[in-house]
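> Below are the structure tokens for one structure; questions will follow.
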Amino acid sequence: MTSSRPYLLRAMYEWLVDNALTPYIMVDANSPSVAVPSRYVEDGKIVLNIDSQAVGALRMGNDAVEFDARFSGVAHHVYVPVPGVQAIYAFENGRGMVFGEEDESTTPPSCNPEAKTETKPVIKKGRPELKIIK
């Protein structure tokens, strides 16, 4: 099964741009194949503005996010494999999404053909209950 992260990343980017917000991504600079200016890395992380006015040739594929940008006037090509993106959020209000560690297995546990455990639905008997929480 393919990772959902690149799809969620693109969806959040579009949502932020549609709402006139500035999309930023937080990247694990120590992740394999990440190419970012090391001068701007702090504590192994770098935060990048990926707004269309801040970067050129933005490409958000299933494998990587890449673009051209200037850091202190010096042009750089930035390449971030999708697993290296830890979060995408709006600069203005912090709204966005943080990504956790993903399991790279190809078969979800519930679809494993070798699993022979049967699950029985839980049936509750009696009257339903509602609780009022203030």
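> Between residues in the range 61-76 that are more than 23 Å from Tyr7 (Cα to Cα) and residues that are of a type in the set (Gly, Ala, Ser) and crowded, with 16+ Cβ neighbours inside 10 Å, which pairs lie under 9 Å by C-beta distance while being six or more apart or on different chains?
Matching pairs, first to second residue: Ala75/Ala69; His76/Ala69.
> Pick out the one residue from Ser52, Ser3 that is assigned to a loop (DSSP other than H, G, I, E, B) and in contact with an Asp or Glu (Cβ under 9 Å, 6 or more places away or on another chain).
Ser3
> Would you check which residues across the range 6-49 are closer than 13 Å to Val85 by Cα, of a type in the set (Asp, Glu) and part of a helix (DSSP H, G or I) and list them?
Selection gives nothing.
Computed from the coordinates by the stated procedures, all read-outs in this text should not be read as laboratory data. Since the structure is predicted, the reported quantities are computational estimates derived from the model, not experimental observations. A quick note on method: Cβ atoms are made from the backbone with ideal geometry, for glycine too, and the neighbour counts reach across all protein chains shown.
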